[in-house]
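Structure first, commentary second.
The values are calculated or read from the model by the stated rules, or taken from the named source; none is laboratory data. This one's a predicted model, so the numbers in the text were calculated from it and none came from an experiment. Neighbour counts are summed over all protein chains in view; Cβ atoms, including those assigned to glycine, are modelled from backbone coordinates with ideal geometry. Heavy atoms of the whole protein, side chains included, go into the accessibility calculation; ligands, DNA and RNA do not. Shrake-Rupley method; radii C 1.70, N 1.55, O 1.52, S 1.80 Å.
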Amino acid sequence: MDRVDLVLRKYDGRPHRRVTGHLLGEDEFGAWIGTPRGTRVRYSYGLRRVSWTRSDSVRLIPRDAWWMAMFSAEPSRSEIYCDVTTPARRTGPAEFTVIDLDIDLIRMRPDGRVVIDDEDEFAEHRVRFGYPDDVVAGATAAAAELHAALTGGAEPFAGRYREWLARAAMPGRRRR
């Protein structure tokens, strides 16, 4: 199974978060990375520098989209957690890097309610880091697209992710 690093940075280049998972495969939606329960997540902010995931998850790194998504099994309170980011770049043979643009969209379990989080942080960082107009446009369009997809049942958010999520707990299996 191919190990792959997912690196999140902030717009000013500083590290934000890093997780190592297993590349499960790719499909028309992008690359799927499995992060089984107990996967280490490293943080570059706050008091908590390392934590371990409490549920099996699969992360989708779409091609040329301004977001990435994490689909989590129970007991996670969030079913789907989307980070608005710059489009992912392959920065190494086993590494994807994105710039986290602060806005998050979360579909909660069990009621399916969609929450938009950290818009205030986006507004603050837009000024502080001088986000260019194309970055602002990409981020706001992605947030609107994600909200519509998460509430409207569009794939891969409707259920396609479930087969990949099942594989996240079994890192020895790979599908292309």
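Computed quantities for the displayed model
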{"read-out": "Residue in the stretch 118-132 that is within 17 Å of the chain's Cα centre (by Cα) and either on the phi > 0 side of the Ramachandran plot or assigned to a strand (DSSP E or B) (or both) present", "value": "yes"}
{"read-out": "Single condition Asp5 does not satisfy, out of (1) farther than 26 Å from Gly159 by Cβ; (2) at pLDDT below 95; (3) part of a strand (DSSP E or B)", "value": "(2)"}
{"read-out": "Residue match in the stretch 27-49 (condition: more than 27 Å from Glu124 (Cβ to Cβ) and touching a His at 6+ places or on another chain (Cβ under 6 Å))", "value": "yes"}
{"read-out": "Matching residues in the stretch 1-16 - criterion: being within 18 Å of Arg90 (Cβ to Cβ) and of a type in the set (D, E, K, R)", "value": "Asp2, Arg3, Asp5, Arg9"}
{"read-out": "Matching entry among Ala94, Ala139 (being crowded, with 17+ Cβ neighbours inside 10 Å and touching a residue at least 40 places away in the same chain (Cβ under 8 Å))", "value": "Ala139"}
{"read-out": "Among residues of the stretch 78-88, those that are aliphatic (A, V, I, L, M) and open to solvent by 20 Å² or more (accessible area, probe 1.4 Å), counted", "value": "1"}
{"read-out": "Scan of the stretch 6-25 for residues that are open to solvent by less than 40 Å² (accessible area, probe 1.4 Å) and not basic (Lys, Arg), ordered by number", "value": "Leu6, Val7, Leu8, Gly13, His16, Val19, Thr20, Gly21, His22, Leu23, Leu24, Gly25"}
{"read-out": "Pro75 vs. criteria open to solvent by 40 Å² or more (accessible area, probe 1.4 Å), modelled with pLDDT under 95 and under 23 Å from Arg160 (Cα atoms)", "value": "yes"}
{"read-out": "Unique residue being under 24 Å from Ala169 (Cβ atoms) and in contact with a Ser or Thr (Cβ under 6 Å, 6 or more places away or on another chain) when the list is Ser76, Ser51", "value": "Ser76"}
{"read-out": "Qualifying residue in the stretch 98-111 (condition: among the charged types (D, E, K, R), touching a strand residue (DSSP E or B) at 6+ places or on another chain (Cβ under 7 Å) and not in a strand (DSSP E or B))", "value": "yes"}
{"read-out": "Test: residue in the stretch 116-126 that is buried (at least 16 other Cβ atoms within 10 Å of the Cβ) and free of Cβ contacts under 8 Å to residues at least 12 places away in the same chain", "value": "yes"}
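Table: residues versus (1) open to solvent by 40 Å² or more (accessible area, probe 1.4 Å); (2) without any contact (Cβ under 8 Å) to a residue 40 or more places away in the chain.
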{"residue": "Tyr45", "(1), (2)": "yes, yes"}
{"residue": "Thr53", "(1), (2)": "no, yes"}
{"residue": "Val58", "(1), (2)": "no, no"}
{"residue": "Arg90", "(1), (2)": "yes, yes"}
{"residue": "Ile99", "(1), (2)": "no, no"}
